[in-house]
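Written below as structure tokens is the structure these notes are about.
Every read-out reported here was derived from the displayed coordinates using simple, explicitly stated rules and does not represent laboratory data. All values reported here derive from a predicted model rather than from experimental measurement. Positions of Cβ are generated from backbone atoms using ideal geometry, with glycine treated the same way; all protein chains shown enter the neighbour counts.
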Amino acid sequence: MEGKLTFLGTGTSMGVPTLGCRCTVCTSSDPRDRRLRPSVLLRWMAPDENSAQSGPVERLVVIDTGPDFREQALRIGLTRLDAVFYTHAHADHILGLDDLRPLSFMAYRESGPIPLYASAETAEVVKRIYDYTFSPQATYPNRARVQLEALGKSTRVHGVEFLRVPVMHGEMKIAGFRFGRAAYLTDVSAIPESSFPLLEGLDHLVLSALRHKPHPTHATVEQALGWARRIGARHTWFTHIAHELGHEETNRALPEGVRLAYDGLEIPVELDAVTAPARDL
Ligand SMILES: [Zn+2]
Ligand SMILES: [Zn+2]
């Protein structure tokens with residue numbers, strides 16, 4: 001079964017162009033230097049579980065809904081959504097949650113609230129920020145029809161298994177995800193030894209690489225290259241990119257098989273491959 005992974009945003013938390021900046025990347029005319037906040041969409045065709053007669057149904061899952069979610073959804077014509085996975089609760093990953101509302105009203109009529117898979121730490125922050133959505137006392141009638149679901153080691157969504165891949169973001173342990181022969185690891189500052197076995201046999205590895213200069217909670221290009229080599233995916237795509245990295249110039253210096261991703265990039269993902277078994281991490 002082949003799915004398609006679309007990069008909805010490949011920028012760092014401030015986005016590129018960065019407000020007020022006149023650097024060569026922020027003023028570049030190359031569309032690949034314009035980066036919305038980081039998020040990806042995975043879509044695939046799955047048999048309709050409710051009706052054996054009808055043909056396959058398109059299933060759509062996004063990882064993170066940042067402040068640009070609405071714009072990203074409009075750009076690709078997203079009209080429905082089956083689930084959201086959250087990596088962690090920083091603003092650039094969760095502040096588009098409220099824009100799920102119109103999609104959630106439709107989903108609710110069809111099949112119920114949209115499940116939002118999040119770790120206990122992430123869910124706690126999301127519930128606090130969106131109190132009017134999640135509080136049992138909430139009376140706001142137009143709140144998103146969404147439901148926080150505990151993120152386990154492995155989550156199955158319409159026949160596709162999403163394996164949680166723990167990574168470090170500074171002091172925080174956050175979630176990366178593997179699905180079939182691809183993995184999405186953003187906001188990484190370190191990869192625990194126990195996560196490497198979950199990343200074997202990848203066709204596509206998406207990995208965050210902020211810039212060249214060290215940062216306390218994000219990997220540099222050089223660090224990310226080290227992990228990319230060790231993991232050995234056929235293709236590695238860097239994301240969560242700051243304005244220090246021009247697309248064309250940076251790509252020219254990267255080794256074969258490693259490239260900067262860009263907003264709108266689509267890659268095919270083999271989803272039938274059995275993902276690595278869940279382990280005690
Ligand atoms: Zn981030
Ligand atoms: Zn700039």
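Of all residues in segment 133-153, those being within 16 Å of residue 62 (Cα to Cα) and part of a strand (DSSP E or B) number 4. Does residue 7 count as crowded, with 18+ Cβ neighbours inside 10 Å, touching a Pro at 6+ places or on another chain (Cβ under 9 Å) and of a type in the set (Phe, Trp, Tyr)? Judged against the criteria, residue 7 is a match. Taken over segment 96-126, the residue count meeting the criterion of being of a type in the set (A, V, I, L, M, F, W, C), more than 15 Å from the chain's Cα centre (by Cα) and either surrounded by 20 or more Cβ atoms within 10 Å (Cβ to Cβ) or under 24 Å from residue 79 (Cα atoms) (or both) is 7.
One line per residue, one yes/no per condition, for (1) more than 13 Å from ligand 1 (Cβ to nearest atom); (2) surrounded by 21 or more Cβ atoms within 10 Å (Cβ to Cβ); (3) without any contact (Cβ under 8 Å) to a residue 40 or more places away in the chain; (4) small (Gly, Ala, Ser):
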site	(1), (2), (3), (4)
197	yes, no, no, no
210	no, yes, no, no
225	yes, no, yes, no
234	yes, no, yes, no
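Residue 252 meets all of the listed conditions (1) within 20 Å of the chain's Cα centre (by Cα); (2) over 18 Å from residue 41 (Cβ atoms); (3) surrounded by fewer than 20 Cβ atoms within 10 Å (Cβ to Cβ) but one, namely (1). Of the residues making up segment 199-208, those that are away from ligand 1 (no atom under 16 Å from the Cβ) and buried (at least 17 other Cβ atoms within 10 Å of the Cβ) are 199, 202, 204, 205. When 117, 108, 86, 140 are screened for being in contact with a helix residue (DSSP H, G or I) (Cβ under 6 Å, 6 or more places away or on another chain) and touching a residue at least 12 places away in the same chain (Cβ under 8 Å), only 86 passes. Of the helices (runs of 4 or more DSSP H) entirely within segment 1-120, those holding at least 3 residues that are within 14 Å of ligand 1 (Cβ to nearest atom) occupy 91-94.
Residues satisfying the criterion are absent from segment 168-189 (criterion: among the polar types (S, T, N, Q) and in a strand (DSSP E or B)).
Condition test on residue 179, is it buried (at least 24 other Cβ atoms within 10 Å of the Cβ), touching a Ser or Thr at 6+ places or on another chain (Cβ under 9 Å) and farther than 26 Å from residue 123 by Cα? For residue 179, the condition - buried (at least 24 other Cβ atoms within 10 Å of the Cβ), touching a Ser or Thr at 6+ places or on another chain (Cβ under 9 Å) and farther than 26 Å from residue 123 by Cα - is not met.
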